[in-house]
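Single-structure report; data block below.
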């Protein structure tokens, strides 16, 4: 049997911290009238601090949704400008990002036992330099950028496994339910949904607030598969 596959999301999964989302909101506010911009940023702050949250698949989506009550709209070009400015900030060395505890040794210990993949909807020029900056790029066997999840996640898994895997040999992990978890539920994979604010809109094998909480479950899963192979 081939090695089992773990496929990780990038943003909000392999690193965490609210600085990118706040910066994104600040860039968005530049395109708004001053009074509306201030009120919008207050809503973003309330969401990020947990005082008054909005339902969203992740905080990138929340930044967008939090502007809905104001009746203002940005052009697609303005949204893209704000997003790419945020990506540049994240790569500047000035943006505080936190790695999950013990992530590098955890992945290093898995390497060789499983296929480690990361799938991000961000473009290559944003995702790969970030993985490099975080010191993670060499730990993955497969890196897929501009992945076009959720549909693209199914395509990627099919490409890696050649449709020759049992569903429970695939473990999909991420914080965006529709992109990272729903495809796995649809196809019978093992899934780990990460939501720091415990917003769980649907079923998942494991529901956690941080990636570290999945470590023992992943180890048990890998061991179970190895024992099944040996048997």
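Throughout, read-outs are computed from the coordinates displayed, never taken from laboratory work. Model, not experiment: these values are computed from the prediction. Cβ: placed from backbone, ideal geometry, glycine included. Neighbour counts: every protein chain shown.
PRE reach from residue 163 (point 7 Å along Cα→Cβ): which of the range 171-193 fall under 16 Å by backbone N?
187-188
Taking the simple approach of a point 7 Å from Cα along Cα-to-Cβ for both residue 197 and residue 137, what is their distance in nm?
Placing both labels 7 Å along Cα→Cβ, they lie 3.3 nm apart.
Using R₀ = 35 Å, calculate the FRET efficiency as 1/(1 + (r/R₀)^6) where r is the Cβ-Cβ separation of residue 72 and residue 220; round to 0.05.
0.10
Counting only DSSP beta bridges with both residues in the chain, what percent are antiparallel, rounded to the nearest 5?
5
Under the 0.36 nm per residue contour assumption, what length would be gained going from the current alpha-carbon distance of residue 52 and residue 187 to full extension?
Extra length from residue 52 to residue 187 when fully extended: 45.2 nm.
Using only Cα atoms and rounding to the nearest 10 degrees, what angle (0 to 90) does helix 124-134 make with the longest principal axis of the chain?
70
Evaluate 2.2 N^0.38 Å with N set to the residue count of the range 130-231, then give the Cα radius of gyration divided by it.
So the range 130-231 has a normalised radius of gyration of 1.11.
So the label point goes 7 Å from the Cα of residue 155 along Cα→C-beta, right? Which residues of the range 114-143 then have their backbone N under 20 Å from it?
Of the residues in the range 114-143, 117-128, 142-143 have backbone N under 20 Å from the label point off residue 155.
For the chain, what Kirkwood radius comes out of the mean inverse Cα-Cα distance, in Å?
18.5
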